[in-house]
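I have placed the structure first, in the form of structure tokens, so that the comments after it can refer back to it.
Derivation of every value follows stated rules applied to the coordinates shown; laboratory data play no part. Treat the numbers as computed from the prediction; the structure is a model and nothing was measured. As a convention, Cβ positions derive from the backbone with ideal geometry for all residues, glycine included, and neighbour counts pool all protein chains shown.
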Amino acid sequence: MDEKDNGPLSYKLPELVESVRQGWIFSAQGAAVVSVLLCGAETQLIAIVQGIDTTKPKVLENPAALRFLMLLSYSAFIINASATIASLLMIDRLGEMPLRAKKFFDAHSGLLEPLDHDYLLEQH
């Protein structure tokens, strides 16, 4: 930690914590990219399935299968979109970690006893 205090932006996380934080950011970025690609694939599948002509005989022998496929496609799209948003929110939270740590240590710099874990969880 710096001897000179230039405010919360000058705070440096310990090396181990920073390394873990960078690893999580890298993993969350990868998960977001994969989720977006899967959303694109689901969009293509939905377009293909919607383009099936069900009026021709013998094209579709089981219409329930088509409805089930559409249900799975829309469900997968929603789940992948949610995973992308969750990854982006996690990246945002991890990016704020040095600022939150600096504010926390400034507010509790006079404490001598270990902090209660429940207190840390209540802060988020």
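What the table below lists for this structure:
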{"item": "For LEU13, residues with placed amide H under 5 Å, excluding near neighbours", "result": "none"}
{"item": "Burial order of peptide ranges 95-108, 78-91 (average beta-carbon count within 10 Å, highest first)", "result": "78-91, 95-108"}
{"item": "Distance histogram in 5 Å bins (all Cα pairs of the stretch 50-104, percent per bin)", "result": "4, 16, 13, 12, 9, 8, 8, 7, 6, 5, 5, 3, 3, 1"}
{"item": "Integer Hz, Karplus 6.51/-1.76/1.60 couplings in order for the stretch 24-31, x for Gly and Pro", "result": "5, 5, 4, 5, 5, 5, x, 5"}
